[in-house]
Amino acid sequence: MPENATTTSRLIDEGWTIITDEGFVGLVGPFFHRGSGAELRFGFPTDPRHHNLRGVLQGGALMTFADRAMGMAARAASGAVRSATVQLDVQFVDAVQIGEFLETTPIVIRATRQLVFMSATLMVGERIVATAHGIWKKLAAT
């Protein structure tokens, strides 16, 4: 089922920018972002194609969202052109119902010459649904 055009239009009107990707993220999303620097925020409007067998958001979709958001934030904070996920740990706290809007503002814990250590709390409104911690390696531009 395609994304809800009304939801996408509303998010764009609210200042969100869609993250375009012709790869896997393009199949899983849509994901959005807005803001910059430490206020770089990411959003994921869930829809029926994102459900698991229990009818809630598939954990892999949530993990993909966390990975993309944290990776983009790591690149933005470090100035890296490219990066690769070295490690990603996700703790599922609560189920995300289909139709809910998932948000996160990743935090850089520490950046070294080669690595960026990240943390994120994934929220639906004021409800924490997952936490994530990870490490990204800065890669040279090709």
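What follows draws every value from the coordinates through simple rules; no lab data is involved. Small disclaimer: the values here were computed from a predicted structure and weren't measured. Don't worry about glycine lacking a Cβ; one is built from the backbone with ideal geometry, like all the others, and counts go over all protein chains shown.
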So, of the residues in the range 15-41 that are among the hydrophobic types (A, V, I, L, M, F, W, C) and within 22 Å of ILE107 (Cα to Cα), which turns out to be surrounded by the fewest Cβ atoms within 10 Å (Cβ to Cβ)?
ALA38
Boolean, PHE44 is surrounded by 12 or more Cβ atoms within 10 Å (Cβ to Cβ), without any contact (Cβ under 8 Å) to a residue 24 or more places away in the chain and under 10 Å from the mean Cα position of the chain (by Cα)
no
Where a residue in the range 14-34 is without any contact (Cβ under 8 Å) to a residue 40 or more places away in the chain and its partner, wherever it lies, is of a type in the set (A, V, I, L, M) and in a loop (DSSP other than H, G, I, E, B), with Cβ under 9 Å and at least six apart
GLY26/ILE19; GLY29/ILE19; PRO30/ILE19; PHE31/ILE19; PHE32/ILE19; HIS33/ILE19; HIS33/LEU40; ARG34/LEU40
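Per-residue answers, yes or no, for (1) exposed (fewer than 14 other Cβ atoms within 10 Å of the Cβ); (2) farther than 19 Å from PHE32 by Cβ; (3) in contact with a Cys (Cβ under 9 Å, 6 or more places away or on another chain):
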{"residue": "ARG82", "(1), (2), (3)": "yes, yes, no"}
{"residue": "ASP89", "(1), (2), (3)": "yes, yes, no"}
{"residue": "ILE98", "(1), (2), (3)": "no, no, no"}
{"residue": "ARG113", "(1), (2), (3)": "yes, yes, no"}
{"residue": "VAL116", "(1), (2), (3)": "no, yes, no"}
{"residue": "THR121", "(1), (2), (3)": "no, no, no"}
{"residue": "ILE128", "(1), (2), (3)": "yes, yes, no"}
{"residue": "TRP136", "(1), (2), (3)": "no, yes, no"}
Do we find a residue being assigned to a strand (DSSP E or B), closer than 14 Å to PHE101 by Cβ, over 11 Å from the mean Cα position of the chain (by Cα) and touching a residue at least 24 places away in the same chain (Cβ under 8 Å) anywhere in the range 54-68?
yes
Hey, among the residues in the range 52-66 that are touching a helix residue (DSSP H, G or I) at 6+ places or on another chain (Cβ under 9 Å) and not aliphatic (A, V, I, L, M), which one's surrounded by the most Cβ atoms within 10 Å (Cβ to Cβ)?
PHE65
Report, by residue number, each residue of the range 109-129 that is closer than 22 Å to ALA84 by Cβ, of a type outside the set (S, T, N, Q) and part of a strand (DSSP E or B).
ILE109, ARG110, ALA111, LEU115, VAL116, PHE117, MET118, ALA120, LEU122
Scan the range 72-95 and give yes if some residue there is touching a residue at least 60 places away in the same chain (Cβ under 8 Å) and within 16 Å of ALA130 (Cβ to Cβ), otherwise no.
no
Just to be sure I understand the filter: pairs with C-beta atoms under 6 Å, separated by 6 or more residues or on different chains, first member in the range 102-116 and without any contact (Cβ under 8 Å) to a residue 60 or more places away in the chain and under 13 Å from ALA132 (Cα atoms), second member of a type in the set (S, T, N, Q) and part of a strand (DSSP E or B). Which pairs pass?
ILE109/SER119
